[in-house]
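See below for the structure under consideration.
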Amino acid sequence: MSRRPDHLFQPEARPSAGASEPLGDSLAASFPDGTLRVYGPDGDVRRSWKAGEKGFVVLSFSGDGRRLVGGGADGRVWVAESSAGRGLGSFPAHTARIDALAVSRDGSVITTAAGSEAAAFRSQGGLRLFTIGSTLSEVTDVAVSPRGDRAAVAFTDVDVRLLDAATGRLLATISDLDMAAFCLAFSPDGLRLACGCADGRVSIREVATGARVRNDERHAEPVGALAFSPDGTWVTSVGLSMNPATREASVKTTSIAKNIAVTDMLGILPAVTLGFSADGTAHVASPSREGLRVWDMPPVRPESRA
Amino acid sequence: MTFSRRDLMERCLATGALLLAPSLPLGLARPLFAADVAYPPTPPNELGPFYKRKAPKTAILAPEGAPGVPLTVEGVVLDTRGERLEGAMLELWHASSAGLYDNEGYLYRGVVEAGSKGVYEFRSVLPGHYVGRVCQHVHYKVTAPGHKALVTQLYFATDPAFDGDPDKNYTKDPVLKSRELVRPVSLAADGAVVRARVRFEVCLDRA
């Protein structure tokens, strides 16, 4: 990997959204003129194409990196073939701006959130699988399992609902968090769910029951993004500083089995996306005023592996 | 269009005029107990991302000596038939005067129980401007048996974001959908300290 900590891509315009390839080394950015670009690790533009008239507000790769899905301010979802750099189609998902979305490993199932509701769709044709809403709270994030059979929806009322993605049937509710989960991620085997919370906690749960797998890890800031390592034994999380004076956040990588923090990087700008490259190095990215900032996680020391 | 006393007061207060008299119970200006009067429920407003469970039961939200303008909020919890809801629970939270939420602990968070005749009161400091939000605000989550839970926010007519005219400018905050949630602020000089007092009635729908 040739990237270095705090690497700054400087595209010609400020991105409206960014995404990290979950198990690869690509980064994608959406620009206000509707252009989508996929970058390599050195900031080289691998693919670029026009995906509409306006930039997306959220962007996400499928787990295999082949699909890139954007959510618009108009509530529409756009599906693209990342590897070929071309659009595949779009469908209406919500009547309001899409705040969050997630894509299954093969790109066949998409979960979305807008305001107080979340939904799941088949990406081909946009068939709606379920919608779940709340009258008293808003949705903070959604996730879909790699196989596309489970969905997770986090609300500001602090509950996280685990659902059958095909039917919307409620399977379990995680109701013992203290503050809302700002970000969710399924493990590669789909059996665990990581919740990154407003109070800085990173809580790992069994999908079947919602039970804790280990003691919660803790950031000093709300958690803005998280991801499992390719083998599911590590989780990396990014703090999201709410203090405009410092704007500093942190990145932690922890072993799930040993329940220990392995790496801890401070002093970065808040990041909104996170992925792992194939060699297990985590990278985080954030669309910022200056461009698309990228940081590599320091490599995990072999002796500290679980 | 008529220009009511209430409009005049709010505009004076919003521009920072000091009131040396106790606040007027504006929310009680209409008859509370007339059986034939229907009361509109308080408009809901977003719960927001920083709701925290298990807040302590306290009517003093700010720590002692906290910077900021001391604030007292008082009001009545009632329902759409005008019945006062003694025992209603109000969960309250807001940012510090610097605009920061305490997500690690419970500063600026508390649970207050409405007392006799549904009256509630809490003390804190005026919230600051939290990054990402236009207006100062206090979050409310109100529950009472037999009634629908209400999630809403209290806003302040003196907020600089309103530029002295909340009627015209309340839509500057995209989260703020209802002008009714912007309440007048009575400012009282207490020696060198200026204290703020706000009245905010909370009306719940029956379940």
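The values are calculated or read from the model by the stated rules, or taken from the named source; none is laboratory data. Treat the numbers as computed from the prediction; the structure is a model and nothing was measured. Reconstructed Cβ throughout: ideal geometry from the backbone, glycine too, with neighbour counts over all protein chains shown. Please note that ligands, DNA and RNA were not included when accessible areas were found on the heavy atoms of the full protein model with its side chains. Shrake-Rupley method; radii C 1.70, N 1.55, O 1.52, S 1.80 Å.
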**OP:** Sort through B:LEU71, B:LEU90 and tell me the only one that's touching a Ser or Thr at 6+ places or on another chain (Cβ under 8 Å) and either within 14 Å of another protein chain (Cβ to nearest Cβ) or within 25 Å of B:ASP102 (Cβ to Cβ) (or both).
**Re:** B:LEU71
Original post:
Among the listed residues A:ALA211, A:ALA220, which satisfies the condition of being within 14 Å of another protein chain (Cβ to nearest Cβ), without any contact (Cβ under 8 Å) to a residue 40 or more places away in the chain and open to solvent by 10 Å² or more (accessible area, probe 1.4 Å)?
Top reply: A:ALA220
Original post:
Can you pull out the residues in region A:161-191 that are open to solvent by 30 Å² or more (accessible area, probe 1.4 Å) and assigned to a loop (DSSP other than H, G, I, E, B)?
Top reply: A:ALA166, A:THR167, A:ARG169, A:SER175, A:ASP176, A:PRO188, A:ASP189, A:LEU191
Original post:
Hey, which of the strands (runs of 3 or more DSSP E) in region A:192-245, taking only ones fully inside, have at least 3 residues that are touching a strand residue (DSSP E or B) at 6+ places or on another chain (Cβ under 7 Å) and not hydrophobic (A, V, I, L, M, F, W, C)?
Top reply: A:201-206, A:234-239
Subject >> Hits in region A:1-48 (condition: modelled with pLDDT under 85, surrounded by fewer than 18 Cβ atoms within 10 Å (Cβ to Cβ) and among the acidic types (Asp, Glu)) >> reply: A:ASP6, A:GLU12, A:ASP42, A:ASP44
Original post:
What number of residues in region A:223-244 are within 14 Å of another protein chain (Cβ to nearest Cβ) and of a type outside the set (Gly, Ala, Ser)?
Top reply: 5
**OP:** Being open to solvent by less than 40 Å² (accessible area, probe 1.4 Å) and either of a type in the set (Gly, Ala, Ser) or not in a loop (DSSP other than H, G, I, E, B) (or both) is the filter here, so list the residues in region B:34-44 that pass it.
**Re:** B:ALA34
Original post:
Of all residues in region A:192-208, which are more than 14 Å from chain B (Cβ to nearest Cβ) and either surrounded by fewer than 16 Cβ atoms within 10 Å (Cβ to Cβ) or of a type in the set (D, E, K, R) (or both)?
Top reply: A:ARG192, A:ARG205, A:GLU206, A:ALA208
Subject >> Residue count for region A:96-149, restricted to those that are under 21 Å from A:GLY55 (Cα atoms), of a type in the set (Gly, Ala, Ser) and more than 16 Å from the chain's Cα centre (by Cα) >> reply: 4
**OP:** Go through the residues of region B:149-159 one by one and say whether even a single one is closer than 17 Å to B:TRP93 by Cα, open to solvent by 20 Å² or more (accessible area, probe 1.4 Å) and modelled with pLDDT of 95 or more.
**Re:** yes
**OP:** Please go through region A:121-156 and pick out each residue that is surrounded by 18 or more Cβ atoms within 10 Å (Cβ to Cβ), within 14 Å of another protein chain (Cβ to nearest Cβ) and not aliphatic (A, V, I, L, M).
**Re:** A:SER134, A:SER137, A:GLU138, A:THR140, A:ASP141, A:PHE155, A:THR156
